[in-house]
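First up is the structure itself, then whatever we jot down about it.
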Amino acid sequence: MSQISLSGIHKSFGSTEVLKGVSLDIEAGEFVTLVGPSGCGKSTLLRILAGLDSADTGDVRIQAQSVTQTRAADRNLAMVFQSYALYPHLSVAENMMTPLKMRELGWAGRLPIVGPLVARRACRDIHARVEAVAETLKITPLLARKPGQLSGGQRQRVALGRAMVRDPVAFLMDEPLSNLDAALRVHMRAELSELHRRLNATFVYVTHDQAEALTMSDRMAVMMQGEILQVGPPDEIYHNPASLAVARFIGSPAINVLPGEKLADGRVVLLGQRLFNVQSGQPRALFIGLRPEHLHLAAEGRFEGMISHRENLGSDLFLHLTLKEMDNPVVIRAHPDQARNVARGHNVRFDLDPAKVLFFEADGQRVTLDGARQLEVAQ
Amino acid sequence: MTEAVADTKALALRFSTKTALTHAVLILGALIVLLPFYTMLSLSLKAPAEIMQQTGGFIGTQAPFRDDYCIKLGKEVADCMVNPIAYNYSTAFEKAPLLRYLLNGVVVTVSIFFIQVVVALPCAYALAKLRFWGREFVFTLVLFCLLIPVHAIALPLYIMLAKVGLTNTYAALIIPWTISVFGIFLMRQFFMTVPDDLIDAARMDGMSEYAIIWRVMLPTAIPALMAFGIFSVVAHWNDYFWPRIVITGNRDLFTPPLGLREFKGDADGDNFGPMMATACIIVTPLIVCFLLAQRRFIEGITLSGMK
């Protein structure tokens, strides 16, 4: 039985349908990422799971119990917000204690001065747990400070700490890294993965950054326009996208999409060049997806383009090529050594790795062409 | 470097007609506002003769004068010579139980403010952060209520209080003010600026809606509450109209402004010196409060004006 199960979630704000019957099962201990462009409904889905919004129809189950009617406070989930949402008037330690205090102490124990006297043991226990978590997150020196005195990265840790002090069914994270600077974001990615491994807890992570989704998750769900288009491990999503929309969204730089064609005799043609033969049949137009790393510069290459832009990342060099057959440039990854001699304005030839070619129908659905691999002919 | 400094200095010293005009208008306004205070303070320092003849400048000559009341009690003239300041201020405390009035004032204003907060915060929270059917309508009603002058509803209020037998009690002084529409409005405007994430985080932490109000919203709203507190305390401390209506007989319930009446309209004429001394004593707590909380007060006014 899965830990968390969302089924048939519909949600509309006014006349806008934000979620169109979304279903998703999350196993215990899994790191699942909901990824999609802004406004695709991923945050709303997370808020419905958290109990902060209610679905119009559909069912939310946590550990086989329907919690559709349960308040957020009683669902035993912990959430980390994009803005961290720390209580500005409380110190870091008090911020982290709050969830424990609210759940484990009676009203008397929560009183400011009397509380620790009334519920001495519970308070001591809470202090100990907060300190243990602070130790793990390396924020012990910050415990006495107010959130206003912390940097973005430190606040982020405190927000994580506040979620970690208790033992929730799952951690929900709503773009927790998007307010950090680039270097820190990359660092925190690794740290969050590490944290997930250590806690062995269920993580549901929302992001619009496909890189975060690819690097951290066990499984990712690509959402667009209120629907989950594909769920699977990052590798699967990247190499085997179910539709053109997913292929376009995942991967940076984005996949190149070129118009192709399957002819009646089984030849698959791209820009006038035969890629390979498949079984003959109905002729049809295809979109051909090629990731930049599956294209390479080759002196004898079958395609030619003019370099319109160079993007140097140090380890890789991406060249934007303008083809005379196409309006959009084709992006191709080149090794820096290989591309040292080419400059903007040069014409270069390139070729592709036929095994990596992805085919899509005109409506964006992925297709495999029967026998494409078997009938492949040497170039 | 030096040139730059010289430049700024020159800029600061340069005569600007616009600035000068602004200041002239402000000074004039300040004078109009301050003049009564000046008179009040001056009269509280002077002897009756100097007050009547309008002599003696600001503080008077401070020459001892003969206290006629003392003579009436049959004492020697030499024993009845008093210093004007001492006479005015001691009479203020002796002739009327001014300390009692001040205490009443504190009890009433503090109770009013406390209950106003207890009522206004949940209302403001609901109007700002909860989604429910008819919320905008309720808020419109709140805005509408801001337009109702106190005097328009004074009579019905009085009759209601009289019917339940509450006139001449603290309750009569406090109850009509416990629901402050202005407070609800001000706090609602402030709560609109509190991020939703903070409230959601509190919900995830296991807080009930009431816990959110008292544990999260109240502490974040301290600046706005201070501003509202100053408005509320000033208004009810200085209120003459309402206590005058509901406190008819029992002098023990007089608030400080009512205390001023003790010096008014006696058979032997008005006694302005002690009266102004009383007025000075009454406004002092407010002025001290204002000076202490000046920055907050200005913040509060801009807060209510800007948003």
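The values are calculated or read from the model by the stated rules, or taken from the named source; none is laboratory data. Remember, it's a predicted structure, so these values are computed and weren't measured experimentally. Positions of Cβ are generated from backbone atoms using ideal geometry, with glycine treated the same way; all protein chains shown enter the neighbour counts. SASA here: full protein model, heavy atoms, side chains in, ligands and nucleic acids out. Shrake-Rupley method; radii C 1.70, N 1.55, O 1.52, S 1.80 Å.
Odds and ends about this structure:
- Paramagnetic reach from B:ILE245 in the stretch B:172-201 [backbone N under 11 Å; point 7 Å along Cα→Cβ]: B:176-177
- Summarising the amide proton neighbourhood of A:MET223: residues at separation of 5 or more, or on other chains, whose placed amide H is nearer than 5 Å comprise A:VAL35, A:GLY36, A:LEU229.
- Cysteines without a disulfide-compatible partner [the protein assembly as shown; Cβ-Cβ under 4.7 Å]: A:CYS40, A:CYS123, B:CYS123, B:CYS145, B:CYS280, B:CYS289
- A:LEU313 contributes about 110 Å² of solvent-accessible surface, heavy atoms of the protein only, 1.4 Å probe.
- Span from the the stretch A:118-151 Cα centroid across to the the stretch A:192-220 one, whole angstrom: 25 Å
- The amide H of A:ALA254, built 1.01 Å from its N in the peptide plane, has no neighbour under 5 Å, considering only residues 5 or more places off or on other chains.
- Computed label-point distance, nm, for sites B:VAL33 and A:SER280 using a 7 Å Cα→Cβ extension: 9.7 nm
- Rounded to 5, percent antiparallel among DSSP beta bridges of the stretch A:128-279: 70 percent
- Cα-centred dipole magnitude for chain A, charges only on beta-carbon of K, R (+1) and D, E (-1), debye, nearest 20: 1260 debye
- Where labels lie 7 Å past Cα in the beta-carbon direction, separation of B:MET160 and A:ARG198 in nm: 6.1 nm
- Centroid-to-centroid separation of the stretch A:251-295 and the stretch B:173-219 [C-alpha atoms, Å]: 61 Å
- Summarising the label geometry, the points placed 7 Å from Cα in the beta-carbon direction at A:VAL114 and B:LEU218 lie 1.4 nm from one another.
- Long-range HN-HN contacts of A:PHE31 with modeled amide H, under 5 Å: A:PHE203, A:ASP218, A:ARG219
- Test item: A:163-171 mean partner chain Cβ contacts at 10 Å: 1
- Efficiency of FRET between A:HIS346 and A:ASP316 - r from beta-carbon atoms, R0 30 angstrom, step 0.05: 0.95
- Derived scalar couplings ³J(HN,Hα) [the stretch A:3-15; Karplus, 6.51 cos²θ - 1.76 cosθ + 1.60; whole Hz; x for Gly, Pro]: 5, 10, 9, 10, 9, x, 7, 10, 8, 10, 10, x, 8
- Residues of the stretch A:210-239 with amide N under 19 Å of a point placed 7 Å along Cα→Cβ from A:LYS20: A:221-231
- Gyration tensor (alpha-carbon) shape descriptor, chain B, a/c threshold 1.5: oblate
- Cα shape, the stretch A:211-357, gyration tensor, a/c 1.5 rule: oblate
- Applying a threshold of 28 Å to the alpha-carbon distances of A:LYS11/A:LYS101; A:LYS262/A:LYS324; A:LYS20/A:LYS262; A:LYS101/B:LYS129; A:LYS138/B:LYS129; A:LYS101/A:LYS146 flags A:LYS11/A:LYS101; A:LYS20/A:LYS262; A:LYS138/B:LYS129 as lying beyond it.
- Once C-alpha pairs closer than 8 Å and six or more residues apart are averaged by separation and normalised to the residue number of the stretch A:60-129, the relative contact order reads 16 percent.
- Working note: Karplus 6.51/-1.76/1.60 with θ = phi - 60° gives the stretch B:253-260 the couplings 9, 4, 8, x, x, 5, x, 4 Hz, where Gly and Pro are set to x.
- Cβ-placed point charges (K, R +1; D, E -1), dipole of the protein assembly as shown about Cα centre in debye, nearest 20: 980 debye
- When the chymotrypsin sites (Phe, Trp or Tyr not before Pro) in the stretch A:66-159 are filtered for DSSP coil states and for at most 12 other beta-carbon atoms within 10 Å of their beta-carbon, the remaining sites are A:TRP107.
- Cα-based helix-to-principal-axis angle, B:84-95 vs chain B, degrees rounded to 10: 70 degrees
- Residue-averaged beta-carbon neighbours from other chains (10 angstrom radius) around A:99-109: 2
- Computed over protein heavy atoms with a 1.4 Å probe, the carbon and sulfur contribution to the accessible area of the stretch B:91-208 reaches 75%.
- Loop sites in the stretch B:122-214: chymotrypsin sites (Phe, Trp or Tyr not before Pro), DSSP, at most 16 other Cβ within 10 Å: B:PHE132, B:TRP133
- Take B:100-107, A:324-331 and order them by the average number of nearby Cβ atoms within 10 Å per residue, most first; the result is B:100-107, A:324-331.
- Karplus-derived HN-Hα couplings along the stretch A:170-176 (A = 6.51, B = -1.76, C = 1.60, θ = phi - 60°), whole Hz, x at Gly and Pro: 8, 9, 9, 10, 9, 6, x
- Beta-bridge orientation, chain A: approximately 75 percent antiparallel, per DSSP, counting only bridges with both partners inside.
- Listed residue (B:ALA86, B:PHE132, B:ASN168) projecting farthest to the positive dipole end of chain B, Cβ model: B:PHE132
- Stretching the chain fully between B:ALA63 and B:LEU99 yields a gain of 10.1 nm (0.36 nm per residue, less the alpha carbon separation).
- Beta-bridge orientation, the protein assembly as shown: approximately 75 percent antiparallel, per DSSP, counting only bridges with both partners inside.
- Of every Cα-Cα pair in the protein assembly as shown, the percent that sits beyond 40 Å: 57 percent
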